[in-house]
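I have placed the structure first, in the form of structure tokens, so that the comments after it can refer back to it.
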Amino acid sequence: MKKSDVIKTLLNHRYVYTENTSGSAFAPANIALCKYWGKRDIELNLPVTSSLSVSLGEKGAHTTVSLINASEDKIRINEEDITLDTQIAKRLIEFLDLFRSNTEMHFAIDTKINIPMSAGLASSACSFAALIQALDQLFSWQLDRINLSILARLGSGSACRSLWDGFVKWHAGKEEDGMDSFAELLPYEWPHLCVGLLVISDQPKPISSREAMQKTVNTSCYYKSWPEKVKTDLEVLQEAIASRDFDLFGSVAESNALAMHASMLTANPPILYWLPETVAMMHQIWKKRAEGLPIYFTQDAGPNLKLLFLKTDIEQVKKTFPEIKIIMPFEKH
Ligand code: DP6
């Protein structure tokens with residue numbers, strides 16, 4: 001099954017004609033508390049397991065997409081023109097290709113991302129999620145969010161979770177065409193929940209998450225146990241969220257991230273995103289926790305850590321990690 005088949009199914013002929021010249025949208029960044037790690041279909045970014053994330057409120061991407069009279073697309077990120085042969089530009093153009101009704105049709109994308117790009121946050125997730133909503137506006141498709149999440153997934157898997165604020169679950173689905181692999185808002189809020197970004201390195205990562213997860217699936221002897229781990233973690237995490245049991249919530253999120261990294265470590269060749277400072281920081285978190293501070297971490301495909309704690313502990317957390325950037329995902333703005 002090709003991406004273009006999914007587009008045909010979802011859009012039919014809706015995208016052939018538009019009177020609009022541009023569309024704009026915002027999408028928040030998201031952090032997975034139970035990770036997406038491994039695909040059952042590489043072309044369609046269909047995951048092996050479901051996953052669960054929290055969106056980062058007003059931190060994310062504002063995107064405007066316009067139709068332009070030009071011989072090629074134009075991409076601007078944070079007021080900077082991006083050369084079209086860069087990795088991010090290639091991925092965006094390949095995504096736009098899915099929606100061109102003819103080869104003469106060209107787009108300008110103007111994106112402003114207000115999260116620290118160096119913080120190891122998946123900026124591609126919010127970029128694709130904002131872009132698909134901007135395209136929906138431009139072409140007046142009027143698709144619902146569930147279907148938009150299916151389209152965003154074609155750009156980057158984790159992007160399908162950036163269509164909503166709050167806690168979001170991405171259902172793995174079973175169908176070959178992925179029509180049952182969409183994200184959905186969970187009906188819970190947690191106003192006191194804080195996410196702290198601890199930037200350990202802003203250097204480009206040695207291997208992309210896309211490549212790393214594929215290598216893990218193909219070569220790690222521990223990957224077999226990952227789906228079972230996710231099944232339990234998802235259940236417990238949802239219970240913890242529903243009952244606002246912070247220690248349960250934090251410990252499952254931390255354990256899930258560590259299990260994902262353990263699966264990478266046993267890939268061949270091994271993949272280790274951790275730096276000595278990452279490990280030092282983990283020890284500091286565990287020490288503080290043993291002393292009574294309820295603080296946990298999660299980590300994605302990079303050396304930086306994202307701390308999880310409650311509003312009541314902000315001052316203590318700031319004292320321990322003065323360089324931390326704090327986000328309150330449920331704070332109304
Ligand atoms: C570790 O969504 O970036 O952040 O689907 O290949 O674009 P592609 O991968 P991507 O992977 C994210 C991996 C992760 C975990 C997560 O966000 O669930």
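See the values below:
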read-out: Cross-link pairs Lys35/Lys224; Lys224/Lys287; Lys169/Lys287; Lys231/Lys311 - those with Cα-Cα distance over 21 Å; value: Lys224/Lys287; Lys169/Lys287; Lys231/Lys311
read-out: The stretch 169-239: C-alpha gyration tensor shape, a/c 1.5 cut-off, then a/b vs b/c; value: oblate
read-out: Prolate/oblate/rounded label for the stretch 68-141 (Cα gyration tensor, a/c 1.5); value: prolate
read-out: Under 9 Å, Cβ to Cβ, from Phe128 - net charge with Lys/Arg +1 and Asp/Glu -1; value: +2
read-out: Percent antiparallel among DSSP beta bridges (both partners in the chain, rounded to 5); value: 90 percent
read-out: Set of aspartates and glutamates with alpha-carbon distance to Lys288 below 16 Å, sequence-local pairs under 8 removed; value: Asp247, Glu254, Asp313, Glu315
read-out: Phi-based couplings in Hz for the stretch 248-262 (Karplus 6.51, -1.76, 1.60; Gly and Pro marked x); value: 5, 4, x, 5, 5, 4, 5, 5, 5, 5, 5, 5, 4, 5, 5
read-out: Two-site FRET efficiency, Ile68 against Ala242, from Cβ-Cβ distance with R₀ of 51 Å, rounded to 0.05; value: 0.60
read-out: Links that overshoot a 25 Å alpha carbon limit, given the list Lys59/Lys319; Lys74/Lys325; Lys229/Lys318; Lys39/Lys90; value: Lys74/Lys325; Lys229/Lys318
read-out: Segment Ile7-Glu94, extension gain: residue separation times 0.36 nm, minus the distance between their alpha carbons; value: 30.0 nm
read-out: Assigned charges on the beta-carbon of Lys, Arg, Asp, Glu; the chain dipole about Cα centre (debye); value: 560 debye
read-out: Backbone HN-Hα couplings from phi across the stretch 150-159 [Karplus 6.51/-1.76/1.60, Hz, Gly and Pro as x]; value: 5, 5, 4, 4, 5, x, 7, x, 5, 5
read-out: Estimated FRET transfer efficiency (Asp202, Ile146; beta-carbon r; R0 51 Å; 0.05); value: 0.90
read-out: Charge context of Ile31, other residues only, Cβ under 12 angstrom, K/R +1, D/E -1; value: +3
read-out: Gaussian network model of the chain, Cα within-10 Å springs - most flexible of Thr111, Thr63, Thr320; value: Thr320
read-out: The stretch 212-302: relative contact order in percent, alpha carbon pairs under 8 Å with at least 6 residues between; value: 35 percent
read-out: Helix axis angle, 87-97 relative to the chain longest principal axis, alpha carbon, degrees; value: 40 degrees
read-out: Kirkwood Rh in Å, taken over the stretch 220-333 so that all alpha-carbon pairs contribute; value: 15.4 Å
read-out: Farthest positive-ward along the chain dipole, Cα basis, beta-carbon charges - from Phe297, Gly60, Leu151; value: Phe297
read-out: Residue with peak Gaussian network fluctuation, the chain [Cα springs, cutoff 10 Å], from Ser181, Ser225, Ser162; value: Ser225
read-out: Environment charge at Gly178 (Cβ cut-off 11 Å; Lys +1, Arg +1, Asp -1, Glu -1); value: -2
read-out: The stretch 45-84 - Debye-derived log10 I(q)/I(0), Cα point model, q = 0.26 Å⁻¹; value: -0.97
read-out: Sequence-separation-based contact order of the chain, relative, with Cα cut under 8 Å and 6+ spacing, percent; value: 21 percent
read-out: Euclidean distance of C-alpha centroids, the stretch 61-135 and the stretch 171-233, integer Å; value: 23 Å
read-out: Nearest-ten-degree value, helix 123-138 long axis tilted from longest Cα axis of the chain; value: 30 degrees
read-out: Per-pair calculated FRET efficiency, R0 = 30 Å: Glu43 and Thr86 via Cβ, rounded to 0.05; value: 0.85
read-out: All-pairs Cα distance distribution in the chain, expressed in whole percent, bin size 10 Å; value: 6, 26, 35, 23, 9, 1, 0
read-out: Max mean-square fluctuation residue, GNM over the chain, Cα-Cα springs under 10 Å, options Phe182, Phe321, Phe128; value: Phe321
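Throughout, read-outs are computed from the coordinates displayed, never taken from laboratory work. On a predicted model such as this, the values are computed, not experimentally measured, just so you know. All Cβ positions, even for glycine, are placed from backbone atoms using ideal geometry, and neighbour counts span all protein chains on display.
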